[in-house]
Amino acid sequence: MKEPKGVGRMWSLYKMGGFTPAIASMLGSQNAQQMAFIRSVNKEQRKQPMLETPLQELEYVVFDLETTGFYPTNGDEIISFGAVLMKGTELYEKETFYSLVNPKRRIPRAIVELTGLTNEMVQDAPDLMQVLHDFMEFIGKRLLIAHASGHDKQFLNAALWRTSKVNLNHRVLDTMLVAKWLEPKRASYALDDLLEEAGVPITERHHALEDSLMTARLWQSYLHRILDRNITTLGDLYAYLSKH
């Protein structure tokens, strides 16, 4: 994936100690501030102790991305972010994040049909740096949750590296892995099937915010079951998941 014009030179200056003038000259003051903020949030996350925190006291951000395809290394881009806040088993349905992103490329017809997002809808949307900044501000130091998170982590890492030369430091808990542990004999772990099994109403699939809200309700259901097994901390949960 190609870097924005000037980023390679800026990064060379950064490594030689010229971080502020490099960013300011190559990206402009607004982008420089956004990059600095993203790097700061990511750095602070390393200091965040979570493993011994009770699951009922943890704050979570359940998120989802819609993209132009499956391969960020082959030019595919994020076209929308969605997220919702939780604390323990409580879902804050009004504490949400949603934004379209201008991918600066055409959205393939198959993705338009899948997501309902058209080229006209995203042409005036904010660019990736702006939305990524706002998303990182929303998630703060919280634990991230996603379903089949490999896709989302891949694109989020690519976006963070391309804009800010950092990798994601946040922990990401995958509801698919949790489902495989709780229900090891299921034939399908597709989100639709798990939602139906858990009695979660299916609203609008492949919409980043709606998928986030449905995944949050799924996690809500799973967390009650996890707590019923006397698994009380994130560290305990990871220990069980690592065996499956």
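Within the range 161-180, restricting attention to residues that are in a helix (DSSP H, G or I) and at pLDDT below 95, which residue is surrounded by the fewest Cβ atoms within 10 Å (Cβ to Cβ)?
Residue satisfying both the conditions and the ranking: Trp161.
Do you know which of the residues in the range 123-137 that are in contact with a strand residue (DSSP E or B) (Cβ under 6 Å, 6 or more places away or on another chain) and surrounded by 20 or more Cβ atoms within 10 Å (Cβ to Cβ) is nearest to Asn102 (Cα to Cα)? Explain how you work it out, then say what you get.
Residues of the range 123-137 in contact with a strand residue (DSSP E or B) (Cβ under 6 Å, 6 or more places away or on another chain): 125, 131, 135.
If we keep only those that are surrounded by 20 or more Cβ atoms within 10 Å (Cβ to Cβ) too, we end up with 131, 135.
Values: Val131: 10, Phe135: 15 Å.
Here the answer is Val131.
Yes/no per residue for (1) within 23 Å of Leu194 (Cβ to Cβ); (2) of a type in the set (Gly, Ala, Ser); (3) touching a Lys or Arg at 6+ places or on another chain (Cβ under 8 Å):
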residue	(1), (2), (3)
Glu57	no, no, yes
Val62	yes, no, no
Thr67	yes, no, no
Ile107	no, no, no
Gln123	no, no, no
Leu128	no, no, yes
Ser149	yes, yes, no
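Which members of the range 105-140 meet the condition of being part of a loop (DSSP other than H, G, I, E, B) and at pLDDT 95 or above?
Arg105, Arg106, Ile107, Pro108, Gly116, Leu117, Thr118, Gln123, Asp124, Ala125, Pro126, Asp127
Among residues belonging to the range 183-241 that are assigned to a helix (DSSP H, G or I) and among the aromatic types (Phe, Trp, Tyr), point out the one that is nearest to Glu113 (Cα to Cα). Don't jump to the end; show me each part of the working.
Kept after step one, since they are assigned to a helix (DSSP H, G or I), are these residues of the range 183-241: 191-198, 208-228, 234-241.
In the following step, the residues that additionally are among the aromatic types (Phe, Trp, Tyr) were identified as 219, 222, 238, 240.
Values: Trp219: 28, Tyr222: 31, Tyr238: 37, Tyr240: 39 Å.
This residue is Trp219.
Glu59 versus (1) within 18 Å of Ala216 (Cα to Cα); (2) crowded, with 23+ Cβ neighbours inside 10 Å: which is the lone unmet condition?
Of (1) within 18 Å of Ala216 (Cα to Cα); (2) crowded, with 23+ Cβ neighbours inside 10 Å, only one is false for Glu59: (2).
For His147, are the conditions met, namely being closer than 16 Å to Ala216 by Cβ and either among the basic types (Lys, Arg) or crowded, with 20+ Cβ neighbours inside 10 Å (or both)?
Against the criterion (closer than 16 Å to Ala216 by Cβ and either among the basic types (Lys, Arg) or crowded, with 20+ Cβ neighbours inside 10 Å (or both)), His147 qualifies.
Report the residue count in the range 183-200 for those that are surrounded by fewer than 16 Cβ atoms within 10 Å (Cβ to Cβ) and of a type in the set (A, V, I, L, M, F, W, C).
Summing the residues that are surrounded by fewer than 16 Cβ atoms within 10 Å (Cβ to Cβ) and of a type in the set (A, V, I, L, M, F, W, C) in the range 183-200 gives 2.
Looking at the range 53-76, which of the residues that are without any contact (Cβ under 8 Å) to a residue 60 or more places away in the chain and either in contact with a strand residue (DSSP E or B) (Cβ under 9 Å, 6 or more places away or on another chain) or among the aliphatic types (A, V, I, L, M) (or both) is nearest to Asn230 (Cα to Cα)?
It comes out as Glu57.
The values are calculated or read from the model by the stated rules, or taken from the named source; none is laboratory data. Keep in mind the model is a prediction, meaning the values are calculated, not measured. Reconstructed Cβ throughout: ideal geometry from the backbone, glycine too, with neighbour counts over all protein chains shown.
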